[in-house]
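Participant: I'd like to ask some things about the structure below.
The values are calculated or read from the model by the stated rules, or taken from the named source; none is laboratory data. Values in this document were obtained by computation on a predicted structure and should not be read as measured data. Reconstructed Cβ throughout: ideal geometry from the backbone, glycine too, with neighbour counts over all protein chains shown.
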Amino acid sequence: MKRRDFLKGCLMCSAAAAVGTSGKAQAAGSFEGYPDAMGVLVDLTRCVGCRSCEAACNKEQKLPEPDVPFDDTSVFEDKRRPTERALTVVNRYETGGSEPVYRKIQCNHCNEPACLTSCFVNAYTKTKEGAVIYNPKICVGCRNCMIACPFNVPGYSYSSAFNPVVKKCIFCYDTRLKNGKPPACVESCPQEVMTFGKRADLVKLGHERIRETPSRYYDKIYGEKEVGGTGWLYLSSVPFDKVGFDTTLQNEPIISNVKDFLSMVPMVLAIWPALFSGIHLLSTKNKDGHDDHDDSHNGTGGH
């Protein structure tokens, strides 16, 4: 593609996206999730850190082989977060009890995702089944979603400035969820840590477990109300801040706090990817040291 045409296309798309973002920002904070959306209840009291869920995710999503084998417990020496190469990870926490607590981390599939409402090109979709999925063909690599996510989930590939890839757990949507099947991680767990079902039913199940065995559980379901509610819900034997959860999050969707701001400045957010792309192109010279700024040169705009 000629450089001038590329920049023109970037600017046209940015302007169109800005208009769309304004309307979407005004509507932010009004969606409470699909009534029949599916979810997963994660019982941290059952997890033994076997990392079977990591291996299943790796296979299902055809991800690269990990640097550290899935049966190597040395990974627990550091606290990890999801990346483009690992859409779910398990961390170990020493909480002062006789046994450590293990926590699986992946996209929580919010009822009203901040990643979706912060994306000015509409690369994200919240499906009726409850998954938050992502279209890499639309993404321009601005990484607004990474900043907006309250759980620090989306991972970014820095390998190419012109082929940005944001990756995160998609609830096995294409291969499983849309066909009514549980995600691969749930199905592979030998300890039955995760329960798949309708989110509304899982909330009831979580409260039943707490009520029936109060000595086993901390009296709270994480994700029931945080940032408007999430599709993945958690039970724990200890306060959630001891196992790495952010317990300072509000109950209202995060985007509700900034929707007026987003409606005022969408053009700024929309133009900067094109601006930096232009800077990169202008700084790139042909091998002979000449710039191909004149598209009409030799009838091709280049050599």
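Participant: Which residues, taken from segment 157-184, are among the hydrophobic types (A, V, I, L, M, F, W, C), outside any loop (DSSP other than H, G, I, E, B) and either at pLDDT below 95 or in contact with a Leu (Cβ under 9 Å, 6 or more places away or on another chain) (or both)? Step through it out loud before you land on a result.
Facilitator: Residues of segment 157-184 among the hydrophobic types (A, V, I, L, M, F, W, C): 161-162, 165-166, 169-172, 177, 184.
This time we only want the ones that are outside any loop (DSSP other than H, G, I, E, B), so: 165-166, 177, 184.
Val165, Val166, listed by residue number.
Residue by residue, here is whether (1) at pLDDT below 90; (2) over 23 Å from Pro150 (Cβ atoms) holds:
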{"position": "Asp5", "(1), (2)": "yes, yes"}
{"position": "Cys13", "(1), (2)": "yes, yes"}
{"position": "Thr21", "(1), (2)": "yes, no"}
{"position": "Lys24", "(1), (2)": "yes, no"}
{"position": "Ser30", "(1), (2)": "yes, no"}
{"position": "Cys53", "(1), (2)": "no, no"}
{"position": "Leu63", "(1), (2)": "no, yes"}
{"position": "Phe70", "(1), (2)": "no, yes"}
{"position": "Arg85", "(1), (2)": "no, no"}
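Participant: Among the residues of segment 213-238 satisfying the criterion of being of a type in the set (A, V, I, L, M, F, W, C) and within 16 Å of Val40 (Cα to Cα), which is surrounded by the fewest Cβ atoms within 10 Å (Cβ to Cβ)? Write out each step before concluding.
Facilitator: Taking segment 213-238 as the starting set, the residues that turn out to be of a type in the set (A, V, I, L, M, F, W, C) are 221, 227, 232-233, 235, 238.
Within this subset, residues satisfying the condition of being within 16 Å of Val40 (Cα to Cα) are 221, 232-233, 235.
Details: Ile221: 22, Trp232: 25, Leu233: 24, Leu235: 24.
Across segment 213-238, the extreme among qualifying residues is Ile221.
Participant: Can you name the condition, by its number, that Asp246 falls short on among (1) surrounded by fewer than 16 Cβ atoms within 10 Å (Cβ to Cβ); (2) modelled with pLDDT of 95 or more; (3) over 17 Å from the mean Cα position of the chain (by Cα); (4) acidic (Asp, Glu)?
Facilitator: All conditions are met except number (3).
Residue-wise test of (1) farther than 22 Å from Leu233 by Cα; (2) buried (at least 22 other Cβ atoms within 10 Å of the Cβ); (3) among the polar types (S, T, N, Q); (4) without any contact (Cβ under 8 Å) to a residue 60 or more places away in the chain.
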position	(1), (2), (3), (4)
Val101	no, no, no, no
Asn108	no, yes, yes, no
Leu116	no, yes, no, yes
Phe120	yes, yes, no, no
Pro136	yes, no, no, yes
Cys149	no, no, no, yes
Asn152	no, no, yes, no
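Participant: Let me ask something else about it. All but one of (1) under 18 Å from the mean Cα position of the chain (by Cα); (2) at pLDDT below 90 hold for Pro35; which doesn't?
Facilitator: (1)
Participant: If you scan segment 124-146, which residues turn out to be of a type in the set (Ser, Thr, Tyr) and either outside any loop (DSSP other than H, G, I, E, B) or within 12 Å of the chain's Cα centre (by Cα) (or both)? Outline the logic, then answer.
Facilitator: Taking segment 124-146 and keeping what is of a type in the set (Ser, Thr, Tyr), we get 124-125, 127, 134.
Listed by number, the residues that qualify are Tyr124, Thr125, Tyr134.
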